[in-house]
1. Interface size between chain A and chain B, please: total buried accessible area, 1.4 Å probe, rounded to the nearest 100 Å².
2. For the protein assembly as shown, max minus min Cα coordinate along each principal axis, in Å, sorted largest first?
3. On a straight-distance basis, which aspartates and glutamates could pair with A:LYS17 in a cross-link, Cα separation under 19 angstrom, same-chain partners fewer than 8 positions away excluded?
4. Which GluC sites (Glu not before Pro) does the range B:1-73 hold that lie in a coil by DSSP with at most 16 other beta carbons within 10 Å?
5. May I ask which of A:LYS65/B:LYS81; A:LYS57/B:LYS68; A:LYS65/B:LYS95; A:LYS57/B:LYS81; A:LYS71/B:LYS95 have a Cα-Cα span longer than 26 Å here?
6. List the lysines whose Cα lies under 20 Å from the Cα of B:LYS76, skipping any in the same chain that are fewer than 8 positions away.
7. What's the local net charge at A:GLY58, with K and R +1, D and E -1, over the other residues with C-beta under 15 Å away?
8. Using a 1.4 Å probe, what is the accessible area per residue for the protein assembly as shown, in Å²?
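The values are calculated or read from the model by the stated rules, or taken from the named source; none is laboratory data. A quick note: this is a predicted structure, and the numbers were derived from the prediction, not measured. Here Cβ is always computed from backbone atoms with ideal geometry, including for glycine, and neighbour counts include all displayed protein chains. Areas reflect the complete protein model, heavy atoms only, side chains present, ligands, DNA and RNA absent. Shrake-Rupley method; radii C 1.70, N 1.55, O 1.52, S 1.80 Å.
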Amino acid sequence: EAQVTQNPRYLITVTGKKLTVTCSQNMNHEYMSWYRQDPGLGLRQIYYSMNVEVTDKGDVPEGYKVSRKEKRNFPLILESPSPNQTSLYFCASSFGAMGTDTQYFGPGTRLTVL
Amino acid sequence: GQNIDQPTEMTATEGAIVQINCTYQTSGFNGLFWYQQHAGEAPTFLSYNVLDGLEEKGRFSSFLSRSKGYSYLLLKELQMKDSASYLCAVIATNKLIFGTGTLLAVQP
């Protein structure tokens, strides 16, 4: 089944404790992206990747890191989480490298930072 | 700047028709998506418009007017399961920008 998977789905952590949210897609998509979704603000892009070893900042990159060592995986790293990073996070992928094709979203990760 | 406007909330009755509007002001335009998102779930693709006019897909239709910076999503024969948020997203200069979404409540 074609899909985007994320883990964990739910996470409660404390300020400053490094964490990684994994994202994997099995559709051989070139483009992958991370979004956060907050009430009243909609989906905002954190980072995106147009191919292996090619990543770039989205609209809200502060406090996050990403890597793209393999085509299928695009982990999101929070080196020192803070409460303002409490949010619902979505990973997405699309076929074309420019990210302007239909986006396929993972199920989401609900993160709470205390 | 980049700006996408949608109504925050709408209410409609089961079996009726509802139109959700989206206006945009962006630097460059290469297409517009509509996504549906149920509470706590991932957005799912509904439609894509790049040329002016109406695209119909079953109970859902989407319209685009590029000269007016305007789109709407039309939902016919509303069902309770259509209660969800509807996200308008614009491709502007190779970047996808999402609106804040319209929360639709379908009442019996």
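1. That pair of chains buries around 1400 Å² in total.
2. If we take the Cα atoms of the protein assembly as shown, the spans are 49, 38, 36 Å.
3. Cα-Cα hits under 19 Å: A:GLU62, A:GLU79.
4. Sparse-neighbourhood loop GluC sites (Glu not before Pro): B:GLU14, B:GLU41.
5. On the way: A:LYS65/B:LYS81 37 Å; A:LYS57/B:LYS68 31 Å; A:LYS65/B:LYS95 20 Å; A:LYS57/B:LYS81 36 Å; A:LYS71/B:LYS95 20 Å.
With Cα atoms farther than 26 Å apart: A:LYS65/B:LYS81; A:LYS57/B:LYS68; A:LYS57/B:LYS81.
6. B:LYS57
7. Values: positive: A:ARG36, A:ARG44, A:LYS57, A:LYS65, A:ARG68, B:LYS95; negative: A:ASP38, A:ASP56, A:ASP59, A:GLU62.
Within the 15 Å Cβ shell, the charges total +2.
8. Roughly 48 Å² per residue, with all protein chains present.
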